[in-house]
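Before any comments, here is the structure.
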Amino acid sequence: MTREEAIPVIERLMHPETPEEESSQILATLERGLACTHISDYIFWDPAPELTAEKDVDRAMAYKSIAL
């Protein structure tokens, strides 16, 4: 998933009227598409006052999993 594809998806997820079932599907799509299991934390639990889809996508795309 590219940055340009992910931004509107996250914006849809951040919309307060998005149904819970759709939100779950969107999160699963983002986790697979961005290969970042922390995307929901970036979107919903970020302590920064300005929550933006662009910032969340950039953080998710910078995420690198640790090989054990």
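Okay, here's what the table says:
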item: Mean Cβ neighbour count within 10 Å, used as a protection proxy, ranking 1-13, 19-31 highest first; result: 1-13, 19-31
item: Candidates per chymotrypsin sites (Phe, Trp or Tyr not before Pro) in the stretch 12-47, loop by DSSP, up to 14 other Cβ within 10 Å; result: TRP45
item: Solvent exposure of the chain as accessible area per residue, Å², 1.4 Å probe; result: 70 Å²
item: Heavy-atom SASA rank of ASP46, ASP41 (probe 1.4 Å, accessible area, largest first); result: ASP41, ASP46
item: Helix-only [θ]222 nm of the chain, DSSP H runs n ≥ 4, -39500 (n - 2.57) each, per residue, nearest 500; result: -19000 deg cm²/dmol
item: Note, ³J(HN,Hα) from phi for the stretch 24-34, Karplus 6.51, -1.76, 1.60, rounded to Hz, x at Gly and Pro; result: 4, 5, 5, 4, 4, 5, 5, 4, 6, x, 9
item: The chain, relative contact order in percent, only Cα pairs under 8 angstrom and at least six apart counted; result: 37 percent
item: Carbon and sulfur %, accessible surface of the chain computed with the full protein complex present, 1.4 Å; result: 56 percent
item: Between helix 3-14 and the chain: long-axis angle, C-alpha atoms, 0 to 90°, nearest 10; result: 50 degrees
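The values are calculated or read from the model by the stated rules, or taken from the named source; none is laboratory data. As the structure is a prediction and not an experimental result, all values here were calculated from the model. No Cβ is skipped: glycine too gets one built from the backbone with ideal geometry, and neighbour counts run over all protein chains shown. For the accessible areas, the whole protein counts, side chains as well, though only heavy atoms, and no ligand, DNA or RNA atoms are used. Shrake-Rupley method; radii C 1.70, N 1.55, O 1.52, S 1.80 Å.
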